[in-house]
Amino acid sequence: MNKLIAWFAQNQVAANLMMVLIVVAGLLSLQGTRKELIPNISLGKVSINIMYPGASPKEVEQSVCVRVEENIFDIEGIRQITSNVSEGSCTVVADIQVHYDTRDVMAEIKSRIDSIVTFPVDAERPVIREISIKTTVANVVVSGDTDEHTLKGIAEAVRDELTELKSITQVALTNSRDYELSIELSETSLHEYDLSFDEVSQAVKTQSLNLPGGNLKTAGGDRLLRTEAQAYSAEDFEKINLRSNRDGSYVKLSDVANVVDGFEDIQFEGRFNGKPGLLITVYRVGEQNILEISDSVKAYVKSKSAELPQGISIDIWQDKSDYFKSRMYLLIRNALTGLFLVFLILVLFLRLRLAFWVSMGIPVSFMGAFWLLPNFDGSINMISMFGFILVLGIVVDDAIVVGENVHKYHLKGKLGLEGAIAGAQDVSKPVIFAVLTSVVAFMPILFLPGPEGRLWMVIPLVVILTLLFSLVECLFILPAHLATIKVHTQGKGRLSAFQKRFSDNLENFIERVYRPFLSGVLHWRYATLSVFIAVFTVFVSVLSAGWLHTAFFPKVEGDIAIASFSYAQGTPVEKTQQAIEKIEQAAHQLRQQIVLSTGTNYIENVVSSVGMQPMSSGGKTGGHAGEVSLSLLASEERKIESAEIIRRWREQVGEIAGATQLSFQASLRNQGPDISIELTGSDTERLIAGAKALKKHLQSYAGVYDIQDSYEAGKKEIRLHLRPQAEHLGINVDTLARQVRQAFYGEQVQRIQRGHNEVRVFVRYPRAQRRSLYFLETMYIHLPDGVDIPLSEVADIEYASSPSQILRIDRKRVIKVSARVDESKSVVSQVQQSLEKDFLQTIERQFAGVKWDKSGRQRSQAELVDTMIQGFILALLGIYILMAIPFKSYTQPLMVMSAIPFGLIGAILGHMLLGLDVSLLSLSGMIAVAGVVVNDNLVLVDYINRRREEGVELSKAIRDAGAARFRPIVLTSLTTFAGLTPLMLERSVQAQFLIPMAVSLAFGVMFATIVSLLLVPASYYILEDVKAYFSPEKST
């Protein structure tokens, strides 16, 4: 290694060419690197969705869901199966274990599902897909006061035209109803023409079709034969002949039925700023650039708006490129500010040219990381850019040690090349191992499991690549540049005079303050150790008392405010529409009030939905539910916090009678409940009773509120029971169920392709009759002999109810009980522990067959934290090994690592000072602190060892080492803190996720500086005392 350092220092051309190569390669790679808002990752889950139209949740559960679960539960690699059953739909999600390939498991799942032959006849084909984060670039909204057909036609044209743009490949119309042809037959018409549903359905199936007839080979060439009679429009279907009469006339479909060319019979409505609106979502796929796509969309919308009919507008809603630009601007601004602060501190401690060359290691190392980042499937995104800011202050640590040591050799008389080589070689071993310890410290974050782990793994990737290139730069490039510095010439400018004055004052402080104080610390070394242990004990007590709040993810103010609303299942959609209009009007009134009071429009757009809750995690669907979303002005541009906007909006709305849900939230990330317990069992009644008892017990805790469970009574259900005498008439259960389904849900007779749309064709009752109990009770059943008989004569009608949704986990029914905790009155962890100790331990005895567990989300979070702890332990072991090798000692690494707990104290103290919760990223930062804080200690102890090898007395060697390493230790800590300071002070919403990790690292390093300068020297002396005690023959 020494020969290699010397060769590059002597060959400045080689060193400069290496630097140019790294920089040019980084710049070229940077242009082609994928740019996205967040990394595009797989969630390690496979979804199986099966539609069973018209079926109740219980029927879907037994006929579809259970069969899927029983066929896939034993597939190797599946960790958990979660099933959500609702009316007409079953979604089964298989959570894949960490070390299994998701696509391999999905292939096995698909094979098992394809082998199931017992699904109901009316169930649709299963849709199996891997769940991943799909990157939305922007939503294009087409809105206006017009009919649904016109609006959808324009929206489809917009979708098709966007797809034709060169930079865009994936566009979807996301909130519109599908086209549907409904052939509506009334009982009166059927009786008048003596027809049945089956006869009409069969006529449509046999007369509306295209059939190939083969190939006719003639002397003149081959000719294809084809029969074309497929109906595509309502007019085409109306011409279908149902029956020919003896007089030569025909009964056409138009004589019997009303053919409606409309939309599927679901309850949905979307509005944009008070007008009917449809959303066209533009996605980024593969290596596409979010900025290029956004520019294309903006240019298209600008040109298209001039072509639209009067009263129709086209707008862009939630352009993610604006987020990308603002976040990149934020991070680049913070990076440049941090770089400036780092350079400023270097100039204070080092001479200008020396500070310049040391600082040059930052862009060179960054370019090296940009060069290799795409090779590890990395991209330029918000999280990777944060990784560069995080490493900003760390990356110069090794260069500072090398540069400061070379500078000392120059001052001792070894000038130019000789001093550069000697200075770099002198600290090469501790510098290499110091960088490697930092790399090892970040590696546990690289292998975190789950979606969160995959999302954040780019941070350690960026840090590790940057640190490795910084090592190359400081050993092979920096010495060649430092060899050109002339020490004997002293500048006469103000900067030089200020630097000299600062350097002299620093040296005076070291000699007159620090060295004597260090002598006292060494004399009272056991008292010093006791003080630090006492400090550590106090902080452990503070944590145990629950003074520090924890959260898996920090609470971050969002730029979207959402009001979620629902009535009880079965509520008429018209009533839900009235409630959503009330919430929407309250938002418009609030917008006007804010404009009047501030002069600025803080609420940019109002988007409402009836029939679904698209912006809410796990949102409800159906005519009883709805949602209103407000897009707010960016948080850094408004003076009113989103929480205040939510509060005023809630007051404006007031109470809505009969609402089962009316919640408001504006957090950038849905935190979910503080407490979430899953109750499992096979007996639904016992599950419901157990959930009620658990909710009642939760009410006994102070500060626990918003207590609810996942069980929701569904629609009222009408159950038909076949009478025994009906079988004598030739009616069985299948015949009864099929005819009732034909009338009220409809029989799907065809699927036709009309342009880009697949249109279903149904035969059924008219819409008004499908919504009336009278027509069920007076319905006729068609007997095999052609006679019609009233339904009431062959079946009994029973009125009941069923759950609206069924949740199953690992093949068992589950009810989730959740609650939030007011942290000013209670501590979440204490409530959780008390709940588990007192009530949950007895629930199995109170309700036989009912078991409990933490919710899947909380369980995954706990597993993630456990993995981090295991990774932290392995990192500590790796750090120990890396220090034991250069020290050639088993005990000295332990002494150096004594700084790690105090680095963690510094990280926690930083959170307390800034009022932050300890989150997942905080823990990640604390793991990184473990590697960074030992770097200074490693160089310090290496210096002491070398001084002792030279024969210097122990106490003097320690004091000399402390004085000699004081400047670089303080300098590396200050540069780390300065590099992260702009980000820690940032108040924009985009930075809030990232601040906890920066706080952990910055404050951890600063607090560990005190440990490096005081505790480590005292611990070294104590260690030698112990050695002397057990080895009296060895003198110190």
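The table below lists the values:
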{"item": "Qualifying residue in segment 240-258 (condition: surrounded by 15 or more Cβ atoms within 10 Å (Cβ to Cβ), under 51 Å from the mean Cα position of the chain (by Cα), aliphatic (A, V, I, L, M) and farther than 26 Å from Ala155 by Cα)", "result": "yes"}
{"item": "Residue list for segment 434-460, filter: farther than 26 Å from Asn937 by Cβ, assigned to a helix (DSSP H, G or I) and not acidic (Asp, Glu)", "result": "Gly450, Pro451, Gly453, Arg454, Leu455, Trp456, Val458"}
{"item": "Residue that is farthest from Arg243 (Cα to Cα) [pool: residues in segment 174-227 that are of a type in the set (A, V, I, L, M) and crowded, with 19+ Cβ neighbours inside 10 Å]", "result": "Leu181"}
{"item": "Some residue of segment 904-923 being within 21 Å of Gly871 (Cβ to Cβ) and assigned to a loop (DSSP other than H, G, I, E, B)", "result": "yes"}
{"item": "Filter result for Ala155 (touching a residue at least 12 places away in the same chain (Cβ under 8 Å) and surrounded by 14 or more Cβ atoms within 10 Å (Cβ to Cβ))", "result": "yes"}
{"item": "Count - residues of segment 4-52 that are out of contact with any Ser or Thr (no Cβ under 6 Å at 6 or more places or on another chain), at pLDDT 85 or above and not aliphatic (A, V, I, L, M)", "result": "11"}
{"item": "Segment 602-614: number of residues that are over 15 Å from Phe268 (Cβ atoms) and among the hydrophobic types (A, V, I, L, M, F, W, C)", "result": "2"}
{"item": "Residue check for Glu986: under 30 Å from Ile383 (Cα atoms), modelled with pLDDT under 85 and assigned to a loop (DSSP other than H, G, I, E, B)", "result": "yes"}
{"item": "Enumerated strands (runs of 3 or more DSSP E) restricted to segment 148-239, each holding at least 3 residues that are more than 21 Å from Gly262 (Cα to Cα)", "result": "210-218, 221-228"}
{"item": "Count - residues of segment 122-147 that are farther than 30 Å from Ala55 by Cα and outside any loop (DSSP other than H, G, I, E, B)", "result": "10"}
{"item": "Leading residue by the ranking (modelled with the lowest pLDDT) among those in segment 115-128 that are surrounded by 12 or more Cβ atoms within 10 Å (Cβ to Cβ) and charged (D, E, K, R)", "result": "Asp122"}
{"item": "Tally of residues being modelled with pLDDT of 80 or more and in a helix (DSSP H, G or I) across segment 846-865", "result": "1"}
{"item": "Pair list, Cβ under 6 Å, 6 or more apart: segment 720-732 residue of a type in the set (Lys, Arg), other residue loosely packed, with under 12 Cβ neighbours inside 10 Å", "result": "none"}
{"item": "Residue match in segment 679-701 (condition: more than 30 Å from Gln589 (Cα to Cα) and aromatic (Phe, Trp, Tyr))", "result": "yes"}
{"item": "Some residue of segment 71-81 being closer than 28 Å to Phe762 by Cβ, β-branched (Val, Ile, Thr) and at pLDDT 85 or above", "result": "no"}
{"item": "Residue in segment 620-631 that is assigned to a strand (DSSP E or B), touching a residue at least 24 places away in the same chain (Cβ under 8 Å), farther than 22 Å from Leu278 by Cβ and of a type outside the set (Phe, Trp, Tyr) present", "result": "yes"}
{"item": "Filter result for Asp942 (touching a residue at least 40 places away in the same chain (Cβ under 8 Å), of a type in the set (D, E, K, R) and in contact with a Phe, Trp or Tyr (Cβ under 8 Å, 6 or more places away or on another chain))", "result": "yes"}
{"item": "Candidates Glu473, Glu507 - the one that is in contact with a helix residue (DSSP H, G or I) (Cβ under 6 Å, 6 or more places away or on another chain) and either without any contact (Cβ under 8 Å) to a residue 12 or more places away in the chain or among the acidic types (Asp, Glu) (or both)", "result": "Glu473"}
{"item": "Check on Gly558, under 19 Å from Ala634 (Cα atoms), outside any helix (DSSP H, G or I) and modelled with pLDDT under 80", "result": "yes"}
{"item": "Residue among Val401, Val431, Val427 that is assigned to a helix (DSSP H, G or I) and either surrounded by fewer than 22 Cβ atoms within 10 Å (Cβ to Cβ) or out of contact with any Cys (no Cβ under 9 Å at 6 or more places or on another chain) (or both)", "result": "Val427"}
{"item": "Answer from Gly611, Gly599, Gly658 - the residue that is out of contact with any strand residue (DSSP E or B) (no Cβ under 7 Å at 6 or more places or on another chain) and touching a residue at least 60 places away in the same chain (Cβ under 8 Å)", "result": "Gly658"}
{"item": "Identity of the residue in segment 435-458, within 13 Å of Val929 (Cα to Cα) and of a type outside the set (Val, Ile, Thr), that ends up farthest from the chain's Cα centre (by Cα)", "result": "Ser438"}
{"item": "Filtered residues of segment 406-424 (kept if on the phi > 0 side of the Ramachandran plot and either touching a Pro at 6+ places or on another chain (Cβ under 8 Å) or in a helix (DSSP H, G or I) (or both))", "result": "Gly416"}
{"item": "Among the candidates Val66, Val85, Val93, Val23, residue that is within 30 Å of Glu473 (Cβ to Cβ) and among the β-branched types (Val, Ile, Thr)", "result": "Val23"}
{"item": "Failed item in (1) within 15 Å of Leu478 (Cα to Cα); (2) in a helix (DSSP H, G or I), with Ile383 passing the rest", "result": "(1)"}
{"item": "Sole residue being under 20 Å from Gln769 (Cα atoms), touching a strand residue (DSSP E or B) at 6+ places or on another chain (Cβ under 6 Å) and surrounded by fewer than 18 Cβ atoms within 10 Å (Cβ to Cβ), chosen from Arg741, Arg719", "result": "Arg719"}
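The values are calculated or read from the model by the stated rules, or taken from the named source; none is laboratory data. Note that the structure is predicted; figures quoted are calculated from it, not measured. Every residue, glycine as well, gets a Cβ built from its backbone with ideal geometry; the counts of neighbours run over all protein chains shown.
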